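The values are calculated or read from the model by the stated rules, or taken from the named source; none is laboratory data. All of these numbers come straight from a predicted model, not from anything done at the bench. Every residue, glycine among them, receives a Cβ derived from its backbone with ideal geometry; neighbour counts consider all protein chains shown. To get the accessible areas, we keep the full protein, side chains included, count just its heavy atoms, and leave off ligands, DNA and RNA. Shrake-Rupley method; radii C 1.70, N 1.55, O 1.52, S 1.80 Å.
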Amino acid sequence: QEYPVPLSLHVTDGEPDGWSQSSYNPQNSGFAILWILLIPTVSMMALGAKGVVSVASNLIPAELSRMVNLALAGNFRDALALHRKYYRLFTDLFIESNPIPVKAAMAMKGMIAEEYRLPMCEIGAAHRETLRETLIRCEVL
């Protein structure tokens with residue numbers, strides 16, 4: 001498949017200044033920037049990012065797609081409202097090593113069987129309860 005512009009996946013430490021400098025560099029014109037770090041997605045899209053690659057999209061694909069599409073359309077108020085609704089989920093999906101929390105959350109939601117291959121193991125009991133509470137709070141369960 002051909003893309004209308006070259007694709008750039010920009011992975012950073014979350015510092016918007018460095019990203020802003022690289023995205024507005026005239027030598028980078030014509031590149032579509034996809035943000036990898038989920039937490040500042042809406043703010044990075046306000047600076048010109050075109051999307052996000054997210055673990056949470058396995059669990060709430062429609063909601064993340066809606067948040068990104070709202071931001072792409074310039075509706076940052078509603079995109080930010082979705083970001084705020086799911087913020088705790090975005091952080092709690094990393095309370096243990098990826099992909100353990102998202103697999104546990106997907107199993108809680110009935111999307112998959114909770115199975116792990118070595119070297120992965122089940123999520124810890126305390127983190128499982130935290131994640132379950134977050135899923136309920138975010139209206140995922």
* **Close pairs (6 angstrom Cβ cut-off, 6 or more residues apart or separate chains): among the charged types (D, E, K, R) in the range 68-84, modelled with pLDDT of 95 or more and in a helix (DSSP H, G or I) anywhere** => ASP78/LEU70
* Go through the range 85-111 and give me each residue that's free of Cβ contacts under 8 Å to residues at least 40 places away in the same chain, under 22 Å from VAL52 (Cβ atoms) and loosely packed, with under 14 Cβ neighbours inside 10 Å. => SER97
* Looking only at residues in the range 50-63 that are at pLDDT 95 or above and open to solvent by less than 50 Å² (accessible area, probe 1.4 Å), which one is nearest to MET108 (Cα to Cα)? -> LEU59
* Restrict the check to the range 92-113 and report whether at least one residue is among the hydroxyl-bearing types (Ser, Thr, Tyr), within 30 Å of LEU47 (Cα to Cα) and in a helix (DSSP H, G or I). => no
* To do: Please name all residue pairs, on different chains or six or more residues apart, with Cβ atoms under 9 Å, provided the first residue is in the range 113-141 and is within 25 Å of LEU64 (Cβ to Cβ) and open to solvent by 80 Å² or more (accessible area, probe 1.4 Å) and the second residue is assigned to a loop (DSSP other than H, G, I, E, B) and of a type in the set (A, V, I, L, M).
  => ARG132/LEU141
